[in-house]
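The values are calculated or read from the model by the stated rules, or taken from the named source; none is laboratory data. None of these values were measured; they are calculated from a predicted model. Glycine also receives a Cβ, built like all others from the backbone with ideal geometry; neighbour counts cover every protein chain displayed.
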Amino acid sequence: MIRLFLALAATIGFGLFLASCNTLSKEECVAADWRVIGESDGAAGYEPQQRFAAHAKSCERVKIVPDQTIWFQGYQAGLVRYCTPLSGLARGQAGSGYANVCPPETVPGFLRGFGLGSKQHELQARLSSMQSDYSNKETDIDELSDKLRDAKDGDRSELRRRIEDLEDDMHDIRRDQRDVQDDLDRVNEDVEWFRRNPNAELPAPGY
């Protein structure tokens with residue numbers, strides 16, 4: 001795998017992996033403990049080829065060449081901490097992505113947690129979006145109501161119609177919110193069960 005890293009870097013060039021920012025400062029490159037950096041990268045679930053290439057690009061500025069062998073040893077150690085069911089849950093809850101880095105023997109557990117956490121994150125985001133939409137429509141109704149008080153007779157029916165449409169939309173949002181909240185309550189229960197039983201399959205399928 002290390003030879004693959006070197007061949008990839010030589011063929012494609014480190015610059016393709018790092019568009020605009022440096023993963024390490026000049027000072028960090030000079031003082032780097034590559035095993036510690038690799039372990040941190042593995043524990044964070046970074047894709048290894050791209051992450052090491054980015055470090056190498058960052059350290060070109062001070063003519064430091066990262067020790068790929070030592071870095072990768074640390075990376076593998078960090079990956080052990082990353083590829084657990086509870087880590088997968090936390091990553092999913094945070095809305096993080098997954099770079100397909102876990103070895104085959106740990107993938108099922110990690111993905112069980114990751115899928116469950118991602119579902120919880122998605123439902124929470126939907127509820128938040130619905131509440132924001134509801135609040136925006138409330139504001140629109142307040143503004144239209146202010147206009148209605150000063151409107152001419154010819155404009156009043158149109159303003160009332162727009163207010164009624166917004167009220168209908170708000171009613172629909174509240175109905176949908178209840179459905180999503182029910183789904184979220186069920187997922188929250190599964191999350192609590194999973195925390196207590198991280199190495200077991202969920203009792204009900206679906207996430």
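So, residue 147, is that one exposed (fewer than 11 other Cβ atoms within 10 Å of the Cβ) and either out of contact with any Asp or Glu (no Cβ under 7 Å at 6 or more places or on another chain) or closer than 20 Å to residue 195 by Cα (or both) or not? It is false that residue 147 is exposed (fewer than 11 other Cβ atoms within 10 Å of the Cβ) and either out of contact with any Asp or Glu (no Cβ under 7 Å at 6 or more places or on another chain) or closer than 20 Å to residue 195 by Cα (or both).
Here residue 51 passes the criteria (1) in a helix (DSSP H, G or I); (2) surrounded by fewer than 20 Cβ atoms within 10 Å (Cβ to Cβ) except the one numbered (2). Within the range 102-133, being outside any helix (DSSP H, G or I) and crowded, with 17+ Cβ neighbours inside 10 Å holds for 102, 106. Criterion applied to 14, 72 was being at pLDDT below 95, aromatic (Phe, Trp, Tyr), over 30 Å from residue 123 (Cα atoms) and surrounded by 18 or more Cβ atoms within 10 Å (Cβ to Cβ), and the one residue passing it is 14.
Condition test on residue 95, is it on the phi > 0 side of the Ramachandran plot, of a type outside the set (S, T, N, Q) and either touching a residue at least 24 places away in the same chain (Cβ under 8 Å) or touching a His at 6+ places or on another chain (Cβ under 6 Å) (or both)? Answer is yes for this residue. If you check 92, 88, 97, which single one turns out to be in a loop (DSSP other than H, G, I, E, B) and either modelled with pLDDT under 95 or under 30 Å from residue 192 (Cβ atoms) (or both)? Testing whether each residue is in a loop (DSSP other than H, G, I, E, B) and either modelled with pLDDT under 95 or under 30 Å from residue 192 (Cβ atoms) (or both) leaves just 97.
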